[in-house]
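Since every read-out is calculated from the coordinates, none of them should be taken as a lab result. None of these values were measured; they are calculated from a predicted model. We place every Cβ from the backbone using ideal geometry, glycine too, and count neighbours over all the protein chains shown.
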Ligand code: ATP
């Protein structure tokens, strides 16, 4: 068992910097949880408090039901993998991986067995005699993970472990870490500012901003039902479109009306929006939910269509990103690469209104 529970946890540096504010969440046994947010949002501080490397200013940290606020890091049965790997340059890979076990006076045979087993899992058996400087970035990363694995800890903490790797290796390590999680049946807390890492690896994502938890949910929940404008804009690339709009009643239905758009709101959403009729709201729609009309299925003329001026066309091969202007509204769409859209020309686009979002303009919270 390895459950980690934070209850109203605060970290205030030097009596004034509120790095983490009132964090409450549970990481269940064997769960892969990602702390996600922009630089400075407090995710590393949260991780370091769990590790015991940073004192908790206020609140309670429990591991398996026991309060561990005052338990030394070495007695918490937690292993941390750092962004810079923190390998000892003068030691071989074997000795780097064995170091923690030697400190704990584990018998030599046992150390040998555990290091070789971890090396096998990570595919670095042939590197055990090398020094860190004789390794590639990806190999060093594996050694750092190996050093954590040999300890067989209750909880693994990862602090942006892939940020020093090139893009291709990052993709590969992402899936390796995910496989490792299943194989070890480990509880993992993983810090990153990369939303793709979070979406692809996490069982559960905790999104933070300015020290405050914004939302906790599965990748799907966070993508499909973001709690507020910040989360909606942070997850997804290119980011969700936000358009200042008013909800109006017309022709027996509700509509989104902005400077450039007039779009019919599907009837199934009407009930949730009745309090917002004639009020200003933020309309949100993801770029991947806007289509080039030439490739759209059954567009409803005058209900979910608009004519846009094409500002920039970015072909990526598998898809094309369009930067558009609809009246005064800037819209980004990700469309079929066969699009014939040309810069400076106009084109017709279609909105999948079943995927629309509405946010309160004042609180920025999601209404729909
Ligand atoms: P990054 O992705 O850049 O590492 P982060 O989300 O992990 O950012 P933290 O490192 O937890 O953020 O920092 C949160 C806030 O606490 C920041 O405003 C930071 O400047 C501040 N902070 C972090 N460590 C200290 C410290 N030792 N003393 C004072 N302030 C600190």
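Which angle between 0 and 90 degrees, to the nearest 10, do you get for helix 167-184 versus the longest principal axis of the chain when only C-alpha atoms count?
60
Quick one: if the Förster radius is 45 Å, what FRET efficiency do residue 167 and residue 271 give, using the C-beta to C-beta distance and rounding to 0.05?
For residue 167 and residue 271, the calculated efficiency is 0.50.
Give the shape of the chain as rounded, prolate or oblate, defined through the alpha-carbon gyration tensor: a ≥ b ≥ c are the square roots of its eigenvalues, a/c under 1.5 means rounded, and otherwise the shape is prolate if a/b is larger than b/c and oblate if not. Write down the numbers at each step before the final one.
Values: a/c = 3.08, a/b = 1.87, b/c = 1.65.
Since a/c reaches 1.5 and a/b is larger than b/c, the shape of the chain is classed as prolate.
Just grab the label-to-label distance for residue 307 and residue 295, each label 7 Å out from Cα along the Cβ direction, in nm (one decimal).
Distance between the two pseudo-spin positions: 2.3 nm.
Springs between alpha-carbon pairs under 10 angstrom, Gaussian network model over the chain: which of 183, 170, 48 fluctuates most?
Evaluated over the chain, the most mobile residue of the options is 183.
Please find, in a Gaussian network model of the chain (springs between Cα atoms separated by less than 10 Å), the residue of 325, 240, 199 whose mean-square fluctuation is greatest.
Of 325, 240, 199, the most mobile in the Gaussian network model is 325.
If one computes the Cα centroid of the stretch 61-117 and of the stretch 177-251, what distance in Å separates the two points?
Spelled out, the Cα-based centre of one part sits 31 Å from the other.
Using a 10 angstrom cutoff on alpha carbons, build the Gaussian network for the chain and name the most mobile of 245, 237, 136.
The residue with the greatest mean-square fluctuation here is 136.
Report the gain in length on full extension from residue 110 to residue 17: 0.36 nm times residue separation, minus Cα-Cα distance, nm rounded to one decimal.
Here the segment from residue 110 to residue 17 would lengthen by 29.0 nm.
Sorted by average packing, counted as other Cβ atoms within 10 angstrom per residue and highest first, what order do 9-17, 359-367 take?
Peptide ranking by packing, descending: 359-367, 9-17.
Can you give me the angle between helix 108-122 and the longest principal axis of the chain, using Cα atoms only, in degrees from 0 to 90, rounded to the nearest 10?
The helix 108-122 is inclined about 20 degrees to the chain.
Label residue 28 and residue 62 with points 7 Å out from Cα along Cα→Cβ: what is the distance between them in nm?
1.6
Rounded, prolate or oblate, given the Cα gyration tensor of the stretch 112-188, with a/c below 1.5 counting as rounded?
oblate
If one takes the longest principal axis of the Cα atoms in the chain, at what angle in degrees, from 0 to 90 and to the nearest 10, does the Cα axis of helix 93-103 lie?
Long axis of 93-103 versus the principal axis of the chain: about 70 degrees.
What full-extension length gain, to one decimal in nm, is calculated for residue 131 and residue 194 as 0.36 nm per residue of separation minus the Cα-Cα distance?
In short, 19.7 nm is gained.
Please state the relative contact order of the chain as a whole percent: Cα pairs under 8 Å, 6+ residues apart? Can you show the working numbers first?
On the way: 751 pairs, mean separation 54.7, N = 368.
Over the chain, the number comes to 15 percent.
Counting helices only, and only those DSSP H runs with n ≥ 4, report the 222 nm mean residue ellipticity of the chain as the sum of -39,500 (n - 2.57) divided by its residues, in deg cm²/dmol to the nearest 500.
-7000 deg cm²/dmol
Can you sort 157, 103 from fewest to most other Cβ atoms within 10 Å of each residue's own Cβ?
103, 157
Please state the shape class of the stretch 214-315: rounded when a/c is under 1.5, otherwise prolate if a/b exceeds b/c and oblate if not, all from the C-alpha gyration tensor.
Values: a/c = 1.70, a/b = 1.06, b/c = 1.60.
Oblate shape, in that a/c is at least 1.5 and b/c is the bigger or equal ratio.
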